[in-house]
1. Over the chain, what is the relative contact order in percent, taking alpha-carbon pairs closer than 8 angstrom and at least six residues apart?
2. Can you compute the modelled spin-label distance between residue 295 and residue 249, with each label point 7 Å from Cα toward Cβ, in nm?
3. Starting from 0.36 nm per residue, how many nanometres of slack lie between residue 195 and residue 92 once their C-alpha separation is accounted for?
4. Seen from all sides and averaged, what is the projected area of the convex hull of the Cα atoms in segment 79-219, in nm²?
5. Helix 133-143 versus the longest principal axis of the chain: what angle, 0 to 90°, nearest 10, using Cα atoms?
6. Can you tell me which of 224, 211, 187 moves the most in a GNM of the chain? Springs connect C-alpha atoms under 10 Å apart.
7. Which FRET efficiency, nearest 0.05, do residue 39 and residue 18 yield, Cβ-Cβ r, R0 35 Å?
8. Using a Gaussian network for the chain with springs between C-alpha atoms less than 10 Å apart, which of these wobbles most: 345, 200, 36?
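A short reminder: the numbers here are calculations on the coordinates, not readings from a lab. Keep in mind the model is a prediction, meaning the values are calculated, not measured. Note: ideal-geometry Cβ built from the backbone for every residue, glycine included; neighbour counts use all protein chains shown.
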Ligand SMILES: [Zn+2]
C-alpha cells in the first residue's frame, strides 16, 4: 500500500535532513562585525554592514579592493542613516588611501541591495553600475512613477482569498519601492553572465539563482576560496520566495532548481552572505534549505483537508498571525508553495464563478 502523500513528503524531508547531518557543521567566521566599519574577511574583500529599518535589521555589503580603487557589491536601502554611513566611509582614510570608486555591481533588485545605487552614482558620476538583465527589468518596472505595483497586486490577492478590506489595508500599508530606492542612474549596464568577471584582483564566475528574484547574481571566485552569495544562500534564514503579478509563477521550483548550482561549491569556500554571519559549509546549508522547503510543502499538503484558498493556508504555513504587509509577503509565499505542489501533480486548483481560486488534493 502506498503511504499518504503527506507521509511521503515527510519521508523526503527526513532523508534530506539526514543528508544534511552527514555533512560537517557550519563554521561561522569569527569576525567582529560593527555597523558602518569595514572588516576584511579575505585578502582585499571587506564586509560593510549597514542597518535596515526592518525586523531583519542589517545588510552586508562588500567592498573589493582594486589596484586603483574599489568595486562595491550592493549598496543598502535608501535611508538618511545609510547616507550618513556612506559619507563617512567615502571620506575615511581606509577608502581614500586606495583611490576612488571604480564600479558598482548589484546582486538583485530588492531595495536593501539596490536602494542607494542612484545616490552613490550621483556622487561618482563616472562609475559604471552593473546588473543582470532580469533584475534591471524588474527594478525599472517597480520604479516607474506612473505605476503602483502594490495596487496592481489586488486581482491576485482577491483571486487567492484575501478579503477586500484586508486588500485595501495592504494597498495602504505595503511600502512603495520608490520610497526605499533612489532613482537608478541612466545607463545601468547589463552584465554578461556568460563571462567571468575581473573584480578586486580575482576572477569570478557568475552563478544565477532564480525564485527569490528573477536573475539573482552570486559570484564564486575562480580559486574557489570565496562565494559572494547575495540572498540566494543565507545562514539561519531562508530568502522570501513569493508569487507576484508579472513575475515567475512557480518561484519555489525555480529556486530549488537553481539551488543545485551551489551543491558543488568546494567544502572550504567562505560564503559571504547579504545577511548574518559569513560561514564555511555551503553544501550543508543547501541541504538544510532543501529539507526546510520540503517540510513546509508537507505542512501545506497536510493542511489541505478540503478545497481551500491560499489565504486559508496562512495559519498552517506560518503558525502565527500575520499583520499588515506581512500578509502580502506571506500570501505570496503560500501561493509559491501551492503552485509548486500543483506543478508536481500533488494539488489541483480551480477558480469558481466568483473568481476565487481553491486548491485541493489531486
Ligand atoms: Zn532579496
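1. 18 percent
2. 3.1 nm
3. 33.7 nm
4. In nm², the orientation-averaged hull projection of segment 79-219 is 10.3.
5. That works out to roughly 80 degrees.
6. In this elastic network of the chain, the residue with the biggest mean-square fluctuation among 224, 211, 187 is 187.
7. 0.45
8. 345
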